[in-house]
Amino acid sequence: MTQLNPGPRDVSHILGDLNSAGADREFLAHAELHLPRLHELFVRLYGERTDGLERLASVVDLARRSWTERPRALKALDRERDSTPDWFESERMLGGVCYVDRYAGGLSGIRDQIPYFRELGLTYLHLMPLFESPEGNSDGGYAVSSYRAVNPALGTMAELASLAADLRRAGISLVVDFIFNHTSNEHEWAKKAVAGEPGYEDFYLIYPDREMPDAFERTTREIFPDDHPGSFVQLDDGRWIWATFYHFQWDLNYANPAVFEAMAGEMLFLANQGVEILRMDAVAFIWKRLGTTCESLPEAHLLLQAFNAVLRMAAPGLLFKSEAIVHPDEVISYVSPDECQISYNPLQMALTWEALATRDGRLLQQALDRRHALPDGTAWVNYVRSHDDIGWTFADEDAAELGIDGYPHRRFLNDFYVGRADGTFARGVPFQENPRTGDARVTGTTASLAGVEAGDAGGEDRVILAHALALSTGGIPLLYLGDEVAQLNDYAYADRAAEAGDSRWVHRPFRPEQNYAERTDAATPAGRVFSRLSRLLAVRRATPEFAGNDLIAFDARVNSVVAFLRPGESGFSVLVVANVADSAVEIDALTLSGLAPEALDLVTGAPVWLGAGVTLGAHDLRWLRVRTR
Ligand code: GLC
């Protein structure tokens with residue numbers, strides 16, 4: 001295969017080289033569209049380095065070769081996505097997430113679950129990290145030793161590619177993590193960097209003594225304080241290396257364009273296996289600068305945009321999903337068609353739990369009102385809980401407007417959800433409690449956090465209510481598989497050596513066989529939750545108003561009620577009203593008088609007369625088709 005000669009180049013030179021390297025017309029068309037942007041990003045990121053633009057030329061050549069190797073079926077998918085760019089905003093979208101080993105034993109077990117995924121209506125399946133990882137030190141797979149090898153206990157890369165194709169035939173897009181902020185300490189780049197092998201010395205951030213680590217740590221935050229203080233860990237030879245998360249997860253040095261090129265290669269490799277969405281792990285941390293928090297720096301955005309531009313050339317059907325669990329202003333800064341087209345919505349997730357604890361919906365209502373809007377061509381991924389802890393990432397300034405003091409409120413929420421507050425229904429477990437800062441986060445399955453484990457009368461209702469919100473605010477709702485049958489915490493993690501030190505394993509249980517067996521039995525919590533949730537899933541799929549992201553907050557004039565309209569066609573909308581209180585409330589007729597009195601309850605199919613007001617029972621929720629007048 002012809003290789004491009006490296007050398008500083010401008011856009012027209014690189015395009016000329018692509019022509020002479022025999023790039024096909026389709027690739028050239030992609031390159032003409034996206035190379036100018038990639039070039040500009042490279043100038044901004046690496047312009048001061050002599051090797052910056054040389055690297056750009058080799059990245060583009062990498063993209064060309066990857067496109068040449070891209071399977072025909074995936075190129076067909078690229079074209080289909082190009083003609084329906086809003087495919088992921090449909091009301092039919094539904095995500096599921098699971099650990100391959102815990103949920104199904106391995107990749108072949110996941111294939112066996114396809115009929116069930118179809119029964120649920122999944123269109124998106126996130127398989128938790130499944131790459132080669134150090135035994136015992138894997139952070140649930142988030143410490144990657146090779147992006148090109150599947151953990152042998154789960155299967156092979158060939159099986160992953162064929163699973164992706166099977167899922168696609170079933171209408172399900174495969175989602176995997178792109179863990180690009182760090183690698184495991186066993187990755188070959190890591191070994192070479194520590195050994196000082198030429199070309200790899202600058203792949204990570206390694207310092208001979210504490211001078212630079214101390215300087216950086218004056219302004220960085222501790223992410224996993226249970227594991228090590230600060231942002232650095234010491235190597236056996238006495239040097240210090242940047243490790244934001246666990247001591248065996250070493251941060252890559254993206255100020256070195258060779259790192260960008262190497263990672264772009266891994267990204268395109270995964271794209272060509274049939275992955276359709278890459279979950280961009282830990283995006284906030286990918287760029288470091290002395291004297292800053294080293295989170296969400298402007299260059300982090302430029303880097304993501306540069307990866308995105310490479311993708312648009314060589315695998316244009318793919319999407320990026322941002323994982324930024326930070327202040328809401330920062331979360332939204334990653335969301336754009338040129339950067340991450342979809343993003344977790346950690347604010348809605350956390351405030352749903354906040355509302356259930358306080359029995360007050362106002363903070364969530366305020367967030368829906370002012371922090372829900374997104375740029376065109378992007379979507380939220382709305383979830384009730386993930387494989388990670390819940391962090392209370394609301395903005396203190398928003399809370400202050402409602403007379404809420406952020407710091408004590410977070411403490412209250414932590415106490416409430418770990419079962420330490422009076423009157424709590426939750427059975428969560430603390431994660432990374434930091435006695436120095438008073439900071440902590442919470443883990444637990446939906447059912448355990450919502451009160452099912454504690455036998456609270458409202459437990460199942462809260463499971464339904466939390467999911468119903470995630471299903472109705474727009475974007476892609478994401479189920480943690482097992483939660484739909486009310487799975488409880490798995491305390492046995494504490495007896496498993498590799499998990500005992502990380503309480504997030506409490507809410508990553510093995511597939512709850514018993515619950516699944518009971519899912520048609522209305523005498524069990526699993527059966528009741530499953531049948532109620534299944535009904536909501538079916539209604540969502542059939543409700544075009546739930547597509548897209550348009551949402552108009554509705555003031556129901558009751559503090560415990562969260563309410564909003566999802567506008568549709570011809571003056572019709574869906575009015576969503578949810579009561580987080582433990583007692584019934586009434587939305588009076590006057591409050592509803594801007595709507596025509598005849599409405600339809602989409603879940604029960606029954607007509608509703610708004611002229612008499614709407615009474616909502618404890619933890620009750622309605623999806624009403626209404627007409628504005
Ligand atoms: C993300 C993952 C989390 C992991 C961390 C480090 O936050 O969701 O599980 O520990 O990144 O990769």
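The values are calculated or read from the model by the stated rules, or taken from the named source; none is laboratory data. These figures come from a predicted structure and were not determined experimentally. Neighbour counts are summed over all protein chains in view; Cβ atoms, including those assigned to glycine, are modelled from backbone coordinates with ideal geometry. The protein model used for the area step is the full one, side chains on, heavy atoms only, and it has no ligands, DNA or RNA in it. Shrake-Rupley method; radii C 1.70, N 1.55, O 1.52, S 1.80 Å.
Quick look at the values:
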| item | result |
| --- | --- |
| Close pairs from segment 541-561: first within 17 Å of His372 (Cβ to Cβ), partner modelled with pLDDT of 95 or more and among the aromatic types (Phe, Trp, Tyr), Cβ under 6 Å, at least 6 apart | Leu551/Phe564; Ala553/Phe564; Phe554/Phe564 |
| Considering residues of segment 248-276 that are aromatic (Phe, Trp, Tyr) and away from the ligand (no atom under 16 Å from the Cβ) only, the residue least open to solvent (accessible area, probe 1.4 Å) | Phe260 |
| Subset of segment 226-270 [outside any helix (DSSP H, G or I), of a type outside the set (A, V, I, L, M, F, W, C) and closer than 30 Å to Ala57 by Cβ] | Asp251, Asn253, Tyr254, Asn256 |
| The lone exception for Leu537 - which of (1) more than 23 Å from the chain's Cα centre (by Cα); (2) part of a helix (DSSP H, G or I); (3) at pLDDT 95 or above it fails | (1) |
| Failed criterion for Asn559 (all others in (1) touching an Asp or Glu at 6+ places or on another chain (Cβ under 6 Å); (2) open to solvent by 50 Å² or more (accessible area, probe 1.4 Å); (3) under 30 Å from Tyr491 (Cβ atoms) hold) | (3) |
| Wholly within segment 412-520, helices (runs of 4 or more DSSP H) carrying at least 1 residues that are closer than 17 Å to Ser531 by Cα | 446-450, 459-472, 513-517 |
| Pick from segment 395-410, criterion part of a loop (DSSP other than H, G, I, E, B) and out of contact with any helix residue (DSSP H, G or I) (no Cβ under 6 Å at 6 or more places or on another chain), ranking: farthest from Asp177 (Cα to Cα) | Gly403 |
| Set Val576, Val529: member being assigned to a helix (DSSP H, G or I), buried (at least 21 other Cβ atoms within 10 Å of the Cβ), touching a residue at least 60 places away in the same chain (Cβ under 8 Å) and of a type outside the set (Asp, Glu) | Val529 |
| Unmet requirement for Glu91, which otherwise passes all of (1) within 19 Å of Val384 (Cα to Cα); (2) buried (at least 21 other Cβ atoms within 10 Å of the Cβ) | (2) |
| Subset of segment 381-406 that is free of Cβ contacts under 8 Å to residues at least 24 places away in the same chain and open to solvent by 10 Å² or more (accessible area, probe 1.4 Å) - its residue that is farthest from the ligand (Cβ to nearest atom) | Gly403 |
| Filter result (closer than 21 Å to Gly459 by Cα, within 16 Å of the ligand (Cβ to nearest atom) and touching a helix residue (DSSP H, G or I) at 6+ places or on another chain (Cβ under 6 Å)) within segment 496-531 | Val506 |
| Of residues in segment 195-223 being open to solvent by 50 Å² or more (accessible area, probe 1.4 Å) and of a type in the set (A, V, I, L, M), the one farthest from the ligand (Cβ to nearest atom) | Ala195 |
| Every pair of residues 6+ apart whose Cβ atoms lie under 8 Å, when the first sits in segment 57-79 and is within 17 Å of Phe260 (Cβ to Cβ) and of a type in the set (Ser, Thr, Tyr) while the second is open to solvent by less than 10 Å² (accessible area, probe 1.4 Å) and not in a helix (DSSP H, G or I) | Ser66/Ala315 |
| Residue selected from segment 407-423 under the condition open to solvent by 30 Å² or more (accessible area, probe 1.4 Å) and at negative phi, by the criterion farthest from the chain's Cα centre (by Cα) | Asp422 |
| Evaluation of Val452 against (1) in contact with a Ser or Thr (Cβ under 9 Å, 6 or more places away or on another chain); (2) farther than 24 Å from Asn345 by Cβ (one fails), failing number | (2) |
| Matching helices (runs of 4 or more DSSP H) fully within segment 277-374 where at least 1 residues are aliphatic (A, V, I, L, M), closer than 30 Å to Pro257 by Cα and open to solvent by 10 Å² or more (accessible area, probe 1.4 Å) | 298-314, 328-333 |
| Given (1) crowded, with 21+ Cβ neighbours inside 10 Å; (2) under 30 Å from Gly96 (Cα atoms); (3) hydrophobic (A, V, I, L, M, F, W, C), index of the condition Ala170 fails | (1) |
| Among (1) hydrophobic (A, V, I, L, M, F, W, C); (2) open to solvent by 90 Å² or more (accessible area, probe 1.4 Å); (3) at pLDDT 90 or above - the single one Ala31 does not satisfy | (2) |
| Any chance Asp281 is within 16 Å of the ligand (Cβ to nearest atom) and at pLDDT below 95 | no |
| All positions within segment 490-511 that are under 23 Å from the mean Cα position of the chain (by Cα) and either more than 23 Å from Leu351 (Cα to Cα) or open to solvent by 20 Å² or more (accessible area, probe 1.4 Å) (or both) | Asp490, Glu499, Asp502, Trp505, Pro509, Phe510, Arg511 |
| Some residue of segment 127-137 being in contact with a helix residue (DSSP H, G or I) (Cβ under 7 Å, 6 or more places away or on another chain), open to solvent by 40 Å² or more (accessible area, probe 1.4 Å) and farther than 30 Å from Ser534 by Cβ | yes |
| Enumeration of residues in segment 224-246 that are within 12 Å of the ligand (Cβ to nearest atom) and either within 14 Å of His182 (Cα to Cα) or touching a helix residue (DSSP H, G or I) at 6+ places or on another chain (Cβ under 8 Å) (or both) | Ala243, Thr244, Phe245, Tyr246 |
| Output for segment 8-25, where each listed residue is closer than 16 Å to Leu56 by Cβ and either open to solvent by 80 Å² or more (accessible area, probe 1.4 Å) or among the polar types (S, T, N, Q) (or both) | Pro8, Ser12, His13 |
| Every pair of residues 6+ apart whose Cβ atoms lie under 9 Å, when the first sits in segment 301-319 and is over 12 Å from His34 (Cα atoms) and in contact (Cβ under 8 Å) with a residue 12 or more places away in the chain while the second is open to solvent by 10 Å² or more (accessible area, probe 1.4 Å) and among the aromatic types (Phe, Trp, Tyr) | His301/Trp287; Leu302/Trp287; Leu303/Trp287 |
| Residue in segment 39-58 that is within 23 Å of Gly377 (Cα to Cα), within 31 Å of the chain's Cα centre (by Cα) and part of a helix (DSSP H, G or I) present | yes |
